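Encoded as structure tokens, the structure appears first; notes follow it.
The values are calculated or read from the model by the stated rules, or taken from the named source; none is laboratory data. As the structure is a computational prediction, the values presented were derived from the model and not from experiment. Ideal geometry is used to build each Cβ from the backbone, glycine not excepted, and the neighbour counts take in all protein chains shown.
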Amino acid sequence: MTPLMHAAYKGKVEMCKLLLQHGADVNCNEHEHGYTALMFACLSGKKEIVWMMLEAGADTDVLNSVGRTAAQMAAFVGQHDCVTVINNFFPREKLDYYSKPQGLSKEPKLPVKLAGPLHKIITTTNLHPVKIIFLIKENPLLLEPEALKKCSAVLDLICEKCMKQRDMNEVLAMKMHYISCIFQKCSSSLQENTLDALIKSLLKGRDGDCFPVFQEKFIRESIRKFPYCEATLLQQLVRSIAPVDIGCDPTAFSVLTQAITGQVGFVDAEFCTTCGEKGADKRCSVCKLVSSPDYPIMSPELKETR
């Protein structure tokens with residue numbers, strides 16, 4: 001085992017960072033079972049180290065002696081968060097391509113200043129529309145309708161490229177299309193009102209059961225607008241969602257999340273009722289049942305208990 005493999009397996013974040021800075025080979029698999037540093041990072045369950053290895057150029061398709069990739073090993077030992085990080089990773093270099101003038105164009109399709117914020121959103125593992133809007137609100141550069149339109153156009157180009165390349169990637173294409181739809185909705189919302197108004201409409205529950213109807217319809221409509229009707233993934237999503245009445249399980253969000261990030265069995269974790277973020281440890285002070293981080297906008301369930 002190399003020092004990088006040891007550090008990854010032990011979950012030593014700073015040591016991994018130091019070794020990579022000094023030129024450690026992230027794809028070295030000179031191990032008796034053909035393990036790489038990425039595989040050891042998955043075994044440790046440290047998402048930060050997995051991300052670090054991926055950014056350093058770790059090959060996700062390398063097989064060990066029993067024919068398993070890093071993601072398959074992580075799934076086998078129950079490290080589903082690491083699987084999600086690998087499945088949602090998108091190299092920054094592929095996005096930077098659009099921040100440079102191509103061919104006869106004098107201007108890039110994506111301003112350089114928007115590449116970083118957009119990459120953060122592309123690689124997020126939480127596809128909840130409210131969470132993505134929160135990420136947009138975090139960066140002032142994205143709070144302009146024109147900036148959102150440019151980002152949306154680039155996402156559409158990436159989606160098209162994923163569908164037309166030799167190794168078709170329907171999962172990534174669907175994710176790019178879905179995020180693009182959210183960007184378009186944010187752009188139109190900023191022209192008419194504020195993003196807070198959009199968030200409130202996404203969280204507003206109907207009378208009776210507080211189910212967020214607008215959110216469900218928005219996600220369904222985003223899936224329906226996927227431009228490649230022949231895609232197997234789209235057909236699977238439609239077959240899973242179409243027969244379900246609005247307000248019943250499974251929701252469009254849960255079906256879409258399982259399709260893009262990978263279906264996970266029983267996970268012992270709390271999810272925020274507002275934005276779907278995993279690991280919510282705060283609860284409503286009245287009912288003690290609904291999990292929600294300290295956001296200024298309450299979920300419908302929280303309001304119902306007040």
Residue among Thr194, Thr273 that alone is within 20 Å of the chain's Cα centre (by Cα) and of a type outside the set (Gly, Ala, Ser):
Thr273
Scanning the range 244-258 residue by residue, the ones that are in contact (Cβ under 8 Å) with a residue 12 or more places away in the chain and under 25 Å from Asp167 (Cβ atoms) total 3
Within the bounds of the range 203-224, is there any residue that is at pLDDT 95 or above and touching a His at 6+ places or on another chain (Cβ under 7 Å)?
no
Suppose we keep only residues that are among the β-branched types (Val, Ile, Thr) and part of a loop (DSSP other than H, G, I, E, B) within the range 238-254. Which one would you say is farthest from Cys272 (Cα to Cα)?
Val244
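Table: residues versus (1) surrounded by 15 or more Cβ atoms within 10 Å (Cβ to Cβ); (2) modelled with pLDDT of 95 or more; (3) more than 27 Å from Gln235 (Cα to Cα).
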| position | (1), (2), (3) |
| --- | --- |
| Leu155 | yes, yes, no |
| Cys159 | yes, yes, no |
| Gln165 | no, no, no |
| Val171 | yes, no, no |
| Met174 | yes, yes, no |
| Tyr178 | yes, yes, no |
| Cys181 | yes, yes, no |
| Ser187 | yes, yes, yes |
| Asp196 | no, no, yes |
Of all residues in the range 221-237, count the ones that are surrounded by 13 or more Cβ atoms within 10 Å (Cβ to Cβ) and part of a loop (DSSP other than H, G, I, E, B).
3
Could you look through the range 55-72, keep only residues that are in contact with a Leu (Cβ under 7 Å, 6 or more places away or on another chain) and aliphatic (A, V, I, L, M), and pick out the one that is nearest to Leu95 (Cα to Cα)?
Ala56
Within the range 197-243, which residues are without any contact (Cβ under 8 Å) to a residue 24 or more places away in the chain, more than 20 Å from the chain's Cα centre (by Cα) and under 24 Å from Gly262 (Cα atoms)?
Cys229, Glu230, Gln235, Val238, Arg239, Ser240, Ile241, Ala242, Pro243
